[in-house]
1. So how tilted is helix 51-70 from the main axis of the chain? Cα-based, degrees 0 to 90, rounded to 10.
2. What is the helix-to-structure angle for 7-17, meaning the angle in degrees between its Cα long axis and the longest Cα principal axis of the chain, kept from 0 to 90 and rounded to the nearest 10?
3. Computed FRET efficiency, Cβ-Cβ of Ile17 and Ala68, R0 25 Å: what is it to the nearest 0.05?
4. Given an 8 Å cut-off on Cα distances and at least 6 residues of separation, report the relative contact order of the chain as a percent.
5. Between Ser38 and Asn50, what length comes free when the chain is fully extended (0.36 nm per residue of separation minus the Cα-Cα distance, one decimal in nm)?
6. So which chymotrypsin sites (Phe, Trp or Tyr not before Pro) in the stretch 15-73 pass both tests, a DSSP loop state and at most 14 other Cβ atoms within 10 Å of the Cβ?
7. Show that you can apply the helix-only estimate: for the chain, add -39,500 (n - 2.57) for every DSSP H stretch of four or more residues, divide by all residues, and state [θ] at 222 nm to the nearest 500.
8. Quick one: ranking Leu11, Leu46 by accessible area, 1.4 Å probe, largest first, what do you get?
Amino acid sequence: FETNTAGTISLLHAANIANVRKIVFSSTAAVYGDVTSSVVSEDANLAPINPYGMSKAFAERVIEANSASTGMQ
């Protein structure tokens, strides 16, 4: 959680100060949980089953909130 979530928050804070307008975030299929298909849509429900997936899913939500408040893409 420190690296994936808190690190993302720190990165977004610095990016906002520097007026960065776009970022690319590398997440993981672990945010979708225990899937049975080899292809998972990005629209699938988030259902992480381990701390790694949870921390990445939370980081995604933080990025979405930051985007809504700052316009960063």
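The values are calculated or read from the model by the stated rules, or taken from the named source; none is laboratory data. Since the structure is predicted, the reported quantities are computational estimates derived from the model, not experimental observations. Glycine gets a Cβ as well: all are built from the backbone with ideal geometry, and neighbour counts include every protein chain shown. Ligands, DNA and RNA are stripped out before the accessible areas are found, and what is left, the full protein with its side chains, is counted by its heavy atoms. Shrake-Rupley method; radii C 1.70, N 1.55, O 1.52, S 1.80 Å.
1. With rounding to tens, the tilt is 40 degrees.
2. On a 0 to 90 degree scale, this one is about 30.
3. It comes out at approximately 0.85.
4. Values: 65 pairs, mean separation 31.5, N = 73.
Result for the chain is 43 percent.
5. On the way: separation 12, 0.36 × 12 = 4.32 nm, distance 1.89 nm.
Going from the current span to full extension adds 2.4 nm.
6. Sparse-neighbourhood loop chymotrypsin sites (Phe, Trp or Tyr not before Pro): Phe25.
7. So the calculated ellipticity at 222 nm is -14000 deg cm²/dmol.
8. Numbers: Leu11 110, Leu46 55 Å².
Result of the area sort, largest leading: Leu11, Leu46.
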